[in-house]
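Throughout, read-outs are computed from the coordinates displayed, never taken from laboratory work. Owing to the predicted nature of the structure, the values given are computational and were not obtained by experimental measurement. Reconstructed Cβ throughout: ideal geometry from the backbone, glycine too, with neighbour counts over all protein chains shown.
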Amino acid sequence: MNRNDRQKKILEIINSKEIETQEELMNALKQEGYETTQATVSRDIRQLGLRKISAGIGRFYVAGKAAHSVSPSTNIQSYKNVLESGVLSVETAGNLVVIKTVSGMAMAVGAAVDNLTIEGVVGCIAGDDTVFVAVRDSRAASSVSAEIRGN
């Protein structure tokens with residue numbers, strides 16, 4: 001079973017049921033006869049351009065037009081929800097804003113900051129529980145901080 005077959009199966013799976021995690025996707029693939037690793041599933045998700053959207057009480061993988069069919073206001077609220085649930089603290093340090101997150105949430109928080117297009121943000125670098133946000137200048141750092149905090 002090659003990569004193309006596996007990726008086609010992934011698309012079939014996410015179009016037929018709600019998949020919230022890579023582990024759920026791995027288990028669904030296993031039920032279909034595809035033994036794979038988490039790293040392979042993660043790479044397939046990136047290559048297929050899958051995204052998670054909020055729907056009802058969960059966040060599920062979607063592909064193609066479905067990933068873009070959510071209204072911009074829904075996306076903005078989803079990003080704000082990520083900040084609200086994932087951020088533990090926000091500190092400024094010169095032209096950097098340092099965000100401490102719940103363990104494992106830094107990449108999601110960084111993506112939310114990038115996608116909210118906050119005035120003054122140049123970009124983010126995320127680890128496991130810390131995000132460094134580069135800000136245009138130190139004056140903008142406090143307003144960026146406040147916006148990330150939701151103030």
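Numerical summary
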item	result
Spacing of the two label points (7 Å from each Cα toward its C-beta) at residue 5 and residue 23, in nm	2.8 nm
Mean separation of Cα contacts under 8 Å (6+ apart) over length of the chain, as relative contact order %	16 percent
Cα gyration tensor shape of segment 72-149, rounded if a/c is under 1.5, else prolate or oblate by comparing a/b with b/c	oblate
For the chain, the longest site-free run once GluC sites (Glu not before Pro) in DSSP loop states with at most 11 other Cβ atoms within 10 Å are removed	36-118
Convex hull (Cα only) mean projected area of the chain, reported in nm² to one decimal	9.4 nm²
Folded to 0 to 90 degrees: helix 38-48 orientation relative to the chain principal axis, Cα	80 degrees
Label-to-label distance, nm, for residues given as residue 149 and residue 63 (7 Å Cα→Cβ offset)	4.4 nm
Length added when fully stretched, residue 134-residue 84, from 0.36 nm per residue minus Cα-Cα	16.0 nm
23 Å Cα-Cα reach of residue 80 towards lysines, excluding residues that sit fewer than 8 places from it in its own chain	52, 65, 100
